[in-house]
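See below for the structure under consideration.
The values are calculated or read from the model by the stated rules, or taken from the named source; none is laboratory data. Note that this is a predicted model, so its numbers are computed, not measured. Quick reminder, even Gly has a Cβ in these numbers, built from the backbone with ideal geometry, and neighbours come from all protein chains shown.
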Amino acid sequence: MASGPRRTLGRVAGLDESWGGCVRLNLGFKDRGRLLPSVRNLVVELCSECLDSNERAQQLVLAVQELVENLVKYSDGGRSALDFELLQLDGQPCARIRTSNRASATRLGDASAMLDRIIAAPEPVALMHALVAASGDREGSRLGLARLRAEVGLELRYGVEGDRLEIEARCAVQPRGGS
């Protein structure tokens, strides 16, 4: 995913540049999975302190959990990374979750095809229902990203560079005490 120029944080609802915060995690091959509860707890604390809506906080925790589980399941060795941020983009408070991991050519192709389908879907809820109906009893339904777009309303984008998959998910949030 190409990174654009850094954006200047604006003022929204009396917030300044210090609003929000971030949780960053770099996963090595051996520590995958066991760190999920700790990451979840950090995100819960950050959201509880900074966000007005407990429902939105729980949705974001679900999103982080799903994305970390994907890193654990689908990464091919090496380092994986997760960034969770509460920040202002284009003058609006938002949550941004980014992941990066190595994957095989087959997994990259499968992920790209699924992400293209999820991102292009004009009706995310209808797509999720269609994917659920088509998944049957197979293990690893790969419905997580579709669910995040449909139920949490996350805007998704992704990029592939070499053998690395980068996914970004973001959504608007209401800061605690904001208008």
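Kindly provide the set of residues from the stretch 121-138 that are out of contact with any helix residue (DSSP H, G or I) (no Cβ under 7 Å at 6 or more places or on another chain) and within 11 Å of Arg149 (Cβ to Cβ), ordered by number.
Taking the stretch 121-138 first, the residues out of contact with any helix residue (DSSP H, G or I) (no Cβ under 7 Å at 6 or more places or on another chain) are 122-123, 126, 129-130, 132-138.
Result: Glu123, single match.
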Test: residue in the stretch 82-93 that is touching a Phe, Trp or Tyr at 6+ places or on another chain (Cβ under 7 Å), touching a residue at least 24 places away in the same chain (Cβ under 8 Å) and loosely packed, with under 15 Cβ neighbours inside 10 Å: no
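Run down Leu27, Leu51 and say which single residue is within 22 Å of Gly153 (Cβ to Cβ) and either of a type in the set (A, V, I, L, M, F, W, C) or surrounded by fewer than 16 Cβ atoms within 10 Å (Cβ to Cβ) (or both). Don't jump to the end; show me each part of the working.
Numbers: Leu27 fails: within 22 Å of Gly153 (Cβ to Cβ).
Within the list Leu27, Leu51, the selection yields Leu51.
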Only one of Leu108, Leu115, Leu71 is in contact with a helix residue (DSSP H, G or I) (Cβ under 9 Å, 6 or more places away or on another chain), surrounded by 16 or more Cβ atoms within 10 Å (Cβ to Cβ) and not β-branched (Val, Ile, Thr), namely Leu115
When every residue in the stretch 30-43 that is at pLDDT below 75 and touching a helix residue (DSSP H, G or I) at 6+ places or on another chain (Cβ under 9 Å) is compared, the one surrounded by the fewest Cβ atoms within 10 Å (Cβ to Cβ) is Gly33
* Residues in the stretch 104-125: is at least one in a strand (DSSP E or B), in contact (Cβ under 8 Å) with a residue 40 or more places away in the chain and under 27 Å from Val39 (Cα atoms)? -> no
Worksheet item: For the stretch 100-115, does any single residue satisfy the condition of being at pLDDT below 90 and closer than 18 Å to Glu151 by Cα?
Response: no
